[in-house]
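Participant: Sharing a structure below in structure tokens format, with a few things to ask.
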Amino acid sequence: MNGSLALDSASLDDVREVPASMDAFLAAIERRAWRMAEIHLGNREDGMDAVQDAMLRLVRHYADKPPGEWTPLFWGILRRRIVDLQRRRKVRSIIVGWIGGGRDDDGDELPAWEPADDSPDPSARLQDSQAYGDIVVAVRKLPQRQREAFTLRIMEGLDVAETAAVMGCSDGSVKTHLSRAMHALRDQLEAWR
């Protein structure tokens, strides 16, 4: 398991290609975007809604932009949609608290996404599933800005400038948030090293 948790953002930057069409871009980014939204929101359905909304907004408002600009535009739209949903949840929970009664769904445990595993070894599949579950839990514990920097830089592979544009902050802030996230994740995931 040592090699599978190594987080190397430099190699991710080299792999990304400019998509041939908007459909190809959306097809390529859909699963990663959903995983990111699900990690941030903690709810599969809300994650799907956020991704679909971000995709629609990208197509409606930015389809005429050059394909090289779609990636940071999409992640910025998705990030804002996630923040909007988180704010609505907070307001809803405050109102439910004032009125009394009701139950907030945020605490419900939902089935976790399991990564594809072509390995015939059941113990390896179980270990991968457990590792992914632990990573998701650890990422969810990060403060919001650190979680955003980690998911955009490491999981999505955006470069520092693109991540800064998506997050609306400086390159230095991205590096600081990512560094803090990486230290926290290393501490939380020490058992998987």
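The values are calculated or read from the model by the stated rules, or taken from the named source; none is laboratory data. These numbers come from a predicted model, not from an experiment. Cβ sites come from the backbone with ideal geometry, for glycine too, and all protein chains shown count toward neighbours. Keep in mind that these areas ignore ligands, DNA and RNA; they rest on the heavy atoms of the full protein, side chains included. Shrake-Rupley method; radii C 1.70, N 1.55, O 1.52, S 1.80 Å.
Participant: Any residue that is within 23 Å of ALA184 (Cα to Cα), surrounded by fewer than 13 Cβ atoms within 10 Å (Cβ to Cβ), at pLDDT 90 or above and in the same structural domain as SER170 (by the TED database) - is there at least one of those in region 132-142?
Facilitator: Yes, because at least one residue in region 132-142 is within 23 Å of ALA184 (Cα to Cα), surrounded by fewer than 13 Cβ atoms within 10 Å (Cβ to Cβ), at pLDDT 90 or above and in the same structural domain as SER170 (by the TED database).
Participant: So, ASP187, is that one in the same structural domain as TYR132 (by the TED database) and without any contact (Cβ under 8 Å) to a residue 40 or more places away in the chain or not?
Facilitator: Yes; evaluated as a whole, the condition is true for this residue.
For (1) modelled with pLDDT of 80 or more; (2) open to solvent by 70 Å² or more (accessible area, probe 1.4 Å); (3) within 20 Å of ILE154 (Cα to Cα); (4) over 19 Å from the mean Cα position of the chain (by Cα), each residue gets a yes or a no:
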| site | (1), (2), (3), (4) |
| --- | --- |
| LEU7 | no, yes, yes, no |
| ASP13 | no, no, yes, no |
| MET48 | yes, yes, no, no |
| PRO72 | yes, no, yes, no |
| LEU78 | yes, no, yes, no |
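Participant: Name the single residue, out of those in region 139-167 being assigned to a loop (DSSP other than H, G, I, E, B) and touching a residue at least 60 places away in the same chain (Cβ under 8 Å), that is farthest from ARG35 (Cα to Cα).
Facilitator: Top of the filtered list is ASP159.
Participant: Based on this model, can you work out whether ASP84 counts as charged (D, E, K, R), modelled with pLDDT of 90 or more and not assigned by the TED database to the domain that holds ALA164?
Facilitator: So ASP84 does not fit the description; no.
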